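Colleague: First the structure, which I've put down as structure tokens, then a few questions once you've had a look.
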Amino acid sequence: DGGITQSPKYLFRKEGQNVTLSCEQNLNHDAMYWYRQDPGQGLRLIYYSQIVNDFQKGDIAEGYSVSREKKESFPLTVTSAQKNPTAFYLCASTGNGGAGNQPQHFGDGTRLSIL
Amino acid sequence: GNSVTQMEGPVTLSEEAFLTINCTYTATGYPSLFWYVQYPGEGLQLLLKATKADDKGSNKGFEATYRKETTSFHLEKGSVQVSDSAVYFCALSGGTSYGKLTFGQGTILTVHP
């Protein structure tokens, strides 16, 4: 079945450590997105990519980095500069070049906590 | 910029009650509108969508109509079930933010037997 796979499901970060969240899709979608979800705040966009080797900052990019070397993969690194990383992270993708009328498909998320 | 405002939650209903979750938006141009549902510990699933004014999206007994004159996209269901308990998000795409979704804060729905 086609879909988006996020791993790991749970992740713990030590002080000063960078951690990388994986996102893989086999939907042949061009555009991919990373969101952060905090209780009572909905989802906020961290980074997005509409084509391989190109990505754009979202609303809360500070302390995060991404790469898009392959169409199907869009890993997110939470760096030590992100002082409040505890959250639920969701990856999404959409087809048709990210056209606004296309729905986004979501993975099952990674829950990141501080040790 | 774009913004979405949902009714405050949580919402608690008895089984077979009528559900309305209000959603209003601000956007320039002609955005597409979506309702997503999130079950505990999972990602978001598309519930329904509407891409132009007066369109009605529907799925699994849920409905929402794109009202440009009132900039609204309220979610309704005539008879809720316990299995509908989840978090519901209204979102828009387009306007000034091509391809990016802007979400409301989410509404927690709990349905009791």
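The values are calculated or read from the model by the stated rules, or taken from the named source; none is laboratory data. Predicted model only: the values in this text are computed from it and were never measured. Neighbour counts are summed over all protein chains in view; Cβ atoms, including those assigned to glycine, are modelled from backbone coordinates with ideal geometry. We work out accessible area using only protein heavy atoms, side chains counted, and drop any ligands, DNA or RNA first. Shrake-Rupley method; radii C 1.70, N 1.55, O 1.52, S 1.80 Å.
Colleague: Based solely on C-alpha atoms, express the radius of gyration and the Dmax of the protein assembly as shown in angstrom.
Modeller: Rg and Dmax of the protein assembly as shown, Cα atoms, are 17.5, 51 Å.
Colleague: Here is a further query. Could you state the accessible area per residue of chain B in Å², with a 1.4 Å probe and every protein chain left in place? Mind dumping the intermediate values first?
Modeller: Numbers: 5150 Å² over 113 residues.
About 46 Å² of surface per residue is accessible.
Colleague: Relative contact order for chain A using alpha-carbon pairs under 8 Å, separation at least 6, rounded to a whole percent? The partial results should precede the final answer.
Modeller: Working: 298 pairs, mean separation 40.4, N = 115.
Reported relative contact order: 35 percent.
Colleague: Another question, then. Build a GNM of chain A with springs between Cα atoms under 10 Å: which of A:62, A:15, A:72 gets the top mean-square fluctuation?
Modeller: A:15
Colleague: Any of A:57/B:60; B:56/B:100; A:57/B:49 with alpha carbons more than 28 Å apart? Name them for me. Intermediate values should be presented prior to the final figure.
Modeller: Numbers: A:57/B:60 35 Å; B:56/B:100 22 Å; A:57/B:49 26 Å.
Table pairs above 28 Å Cα-Cα are A:57/B:60.
Colleague: Given contacts defined as C-alpha pairs under 8 Å and at least six residues apart, what's the relative contact order of chain B, whole-number percent? Don't jump to the answer; show the numbers that get you there.
Modeller: Numbers: 304 pairs, mean separation 41.8, N = 113.
Averaging sequence separation for qualifying contacts and normalising by length gives 37 percent for chain B.
Colleague: Show me you know the interface measure: the accessible area buried between A and B, both chains summed, probe 1.4 Å, in Å² to the nearest 100. Spell out each step's value before the answer.
Modeller: On the way: alone 6320 and 5980 Å², together 10670 Å².
Adding both sides of the contact gives about 1600 Å².
Colleague: Also, I was wondering about something else. What is the spin-label model distance, in nm, from residue A:79 to residue B:8 if the labels are put 7 Å beyond Cα along the C-beta direction?
Modeller: Rounded to a tenth, the inter-label distance reads 3.9 nm.
Colleague: When the accessible area of the protein assembly as shown is computed with all protein chains present and a 1.4 Å probe, what percentage of it is carbon and sulfur?
Modeller: On the way: 5020 of 10670 Å².
Answer for the protein assembly as shown is 47 percent, counting heavy atoms of protein chains only.
Colleague: While we're here: Using r as the Cβ-Cβ distance of residue B:110 and residue A:111, and R0 as 35 Å, what FRET efficiency do you calculate, to the nearest 0.05? Please report the intermediate quantities before stating the final value.
Modeller: Details: r = 22 Å, r/R0 = 0.62.
Working from the Cβ atoms, E equals 0.95.
Colleague: First check a/c for chain A, with a ≥ b ≥ c the square roots of the eigenvalues of its C-alpha gyration tensor; if it is under 1.5, answer rounded, and if not, answer prolate when a/b is larger than b/c or oblate otherwise.
Modeller: On the way: a/c = 1.67, a/b = 1.65, b/c = 1.02.
Verdict is prolate for chain A.
Colleague: Among residues other than residue A:76 whose Cβ falls under 14 Å from its Cβ, what is the net charge (Lys/Arg +1, Asp/Glu -1)?
Modeller: Working: positive: A:13, A:36, A:44, A:57, A:68, A:111; negative: A:24, A:62, A:69.
Overall, the nearby charge balance is +3.
Colleague: Right, another one. Where does each of B:3-11, A:2-10, B:100-108 land if you order them by average Cβ count within 10 Å, highest first? Show your work: numbers first, answer last.
Modeller: Details: B:3-11: 16.2, A:2-10: 13.7, B:100-108: 22.2.
Going from most to least packed, we get B:100-108, B:3-11, A:2-10.
Colleague: Provide A:68, B:67 ordered by accessible surface of protein heavy atoms (probe 1.4 Å), highest first. It would help to have the intermediate numbers written out before the result.
Modeller: Details: A:68 5, B:67 100 Å².
Putting A:68, B:67 in descending order of accessible area: B:67, A:68.
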